[in-house]
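The values are calculated or read from the model by the stated rules, or taken from the named source; none is laboratory data. Just so you know, these numbers come straight off a predicted model, no measurement behind them. Glycine gets a Cβ as well: all are built from the backbone with ideal geometry, and neighbour counts include every protein chain shown.
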Amino acid sequence: MKFQQLNVFEKHLAQAAPDHLSKVYLVVAGCPVERRYIAQRIFEAIRRKEQKIEIQSLNASEISVNEVMNELNTCAFLGDKRVVWLDEVDKWKKNGLAALGAYVERPAPFAYVVLGASSGKGLAELYQSGKRELIACDLGEEKPWERKERLKQYLSQSSAQAGKRLHPQAAELMLERSGSEFSTLEQELLKLFCYVGERAEIVASDVESVGVRPRSLTLWQIADALVWNESGASADSGFDLSDLLLLIAAVRLQLQQGLQMALLLEQGVTPHALASQLPHIKPKAIELHATQARRLKSSFFTAGLEQLFEIELLAKNSSSAPLCLFDLLHAKLINPSPK
């Protein structure tokens, strides 16, 4: 079973606990800190059922398949239930995923397994093997605006748990300044708790006083500029790997939307009729970009998606600096020559 919205997954988890928890969970999210946060929610649900659990954290990129299989089939000491957190399973090659799939198909009764992955691509066989037992929270296809609303909710809920009310304008400003980076938001929220002291509300002026410096552009604005305005794209010196991965997702969505518009326009659909043909694209975006989509043609967006895939591979599998990869992405999208 796959959930693509965190709040729906959390609702399922609450309803399943404590009597109907699965033995295997999968968390797919681009940010490792965010994956760990979601995994903690699963640990809490398991703890409510088992009382005492032994959690072991492993990373698939740092341990062999055989070692992992041995861990998954080993009982806990003192009768406690084992919980194995295995992150970055998407880094494994096909044979490793096949071994993991065989385990997921028949998981050990004495252990819970929580898997983490930055992307769900390449995990189709794992999903198939775990169709009876695997419960997935897959945020890999989450839209940027959906992520923004989810992070706002996270900030509000975390503030409420600390006995504070986070004003909506303060939450908006935090997201603008952090670039929606989960780990930075956590740090900024703790900083604000200390700053306001006993005061019950956090307001925008508090964020202005102690928050991170403002970004010149949001990641969505940068993505928009990369695809539609070659001279307006720029990233500041604080641009990091988390920013790059989020930007890649936003650029991909922009290119996909541009491709859909261009293909329909090439088939003779008028710009005014695009909105009815593409209800999932905001009318404002169609109004702004339909003319350019016609001019650039579908070949531009197809080539751009191919170039973006190459940059994403470099981002995930090389030590290249994020700003260098941003510049490379910018250069390739100015003239995305097809292969």
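If only residues of region 315-331 that are free of Cβ contacts under 8 Å to residues at least 12 places away in the same chain and assigned to a helix (DSSP H, G or I) are counted, the one that is surrounded by the fewest Cβ atoms within 10 Å (Cβ to Cβ) is Asn317. Could you list all residues from region 125-141 that are within 24 Å of Asp243 (Cα to Cα) and surrounded by fewer than 19 Cβ atoms within 10 Å (Cβ to Cβ)? Within region 125-141, Gly140, Glu141 qualify.
Please enumerate the residues belonging to region 125-160 that are at pLDDT 90 or above, among the charged types (D, E, K, R) and not in a helix (DSSP H, G or I). Matches in region 125-160: Asp138 only. Within the group Glu125, Glu186, Glu176, which residue is within 26 Å of Asn73 (Cα to Cα) and among the charged types (D, E, K, R)? Of the residues listed, the single one that is within 26 Å of Asn73 (Cα to Cα) and among the charged types (D, E, K, R) is Glu125.
If you go through region 170-222 and keep only what is in a loop (DSSP other than H, G, I, E, B) and at pLDDT 85 or above, you end up with Gly197, Glu198, Arg199, Ala200, Val203. Taken over region 104-124, the criterion of being surrounded by fewer than 22 Cβ atoms within 10 Å (Cβ to Cβ) and either within 19 Å of the chain's Cα centre (by Cα) or assigned to a helix (DSSP H, G or I) (or both) is satisfied by Glu105, Ser118, Ser119, Gly120, Lys121, Gly122, Ala124. Scan region 181-198 residue by residue and report those that are exposed (fewer than 14 other Cβ atoms within 10 Å of the Cβ) and β-branched (Val, Ile, Thr). The answer is none; no residue qualifies.
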